[in-house]
Amino acid sequence: MRPHSSAIRFRREALNMSLRTLSAKTGIDRGHLSRVERGLAGLGDANIRKVAEALDATTADITHQETS
């Protein structure tokens with residue numbers, strides 16, 4: 001899976017969630033999350049699942065994964 005940077009940022013901002021809060025909920029460094037949202041870094045599958053859970057989303061909502 002590859003994270004979809006703008007989908008993550010859009011979802012986080014729609015929830016009025018700061019990067020600091022997302023970092024606290026996922027255990028992922030805030031700077032790394034910022035780079036993910038800017039398309040400069042990726043996330044492993046386990047961390048994508050953590051981000052999706054923290055954003056109350058499915059992994060398909062925040063990745064380039066095709067749904068069938």
Along each of the three principal axes of the Cα atoms of the chain, give the extent in whole Å, ordering the values from largest to smallest. 33, 22, 19
Identify the trypsin sites (Lys or Arg not before Pro) of the chain meeting these criteria: DSSP loop state and at most 11 other C-beta atoms within 10 Å of the C-beta. Arg38
What is the set of long-range amide H partners of Ala41 at a cut-off below 5 Å, with H atoms built 1.01 Å from backbone N? Val36
Karplus couplings for segment 43-57 from phi (6.51 cos²θ - 1.76 cosθ + 1.60, θ = phi - 60°), rounded to Hz, Gly and Pro as x? 9, x, 4, 5, 6, 4, 5, 4, 5, 4, 4, 5, 9, 6, 9
Amide H partners (placed H, <5 Å) of Thr63, local residues excluded: His4
Roughly to the nearest percent, how much of the accessible area of the chain is carbon and sulfur, given a 1.4 Å probe? 44
From the backbone phi of segment 26-40, what are the Karplus-calculated ³J(HN,Hα) couplings (6.51 cos²θ - 1.76 cosθ + 1.60, θ = phi - 60°) in whole Hz, Gly and Pro given as x? 9, x, 9, 3, 4, x, 5, 4, 4, 5, 4, 5, 8, x, 9
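The values are calculated or read from the model by the stated rules, or taken from the named source; none is laboratory data. Just so you know, these numbers come straight off a predicted model, no measurement behind them. Every residue, glycine as well, gets a Cβ built from its backbone with ideal geometry; the counts of neighbours run over all protein chains shown. What goes into the accessible areas is simple: the full protein's heavy atoms, side chains included, and nothing from ligands, DNA or RNA. Shrake-Rupley method; radii C 1.70, N 1.55, O 1.52, S 1.80 Å.
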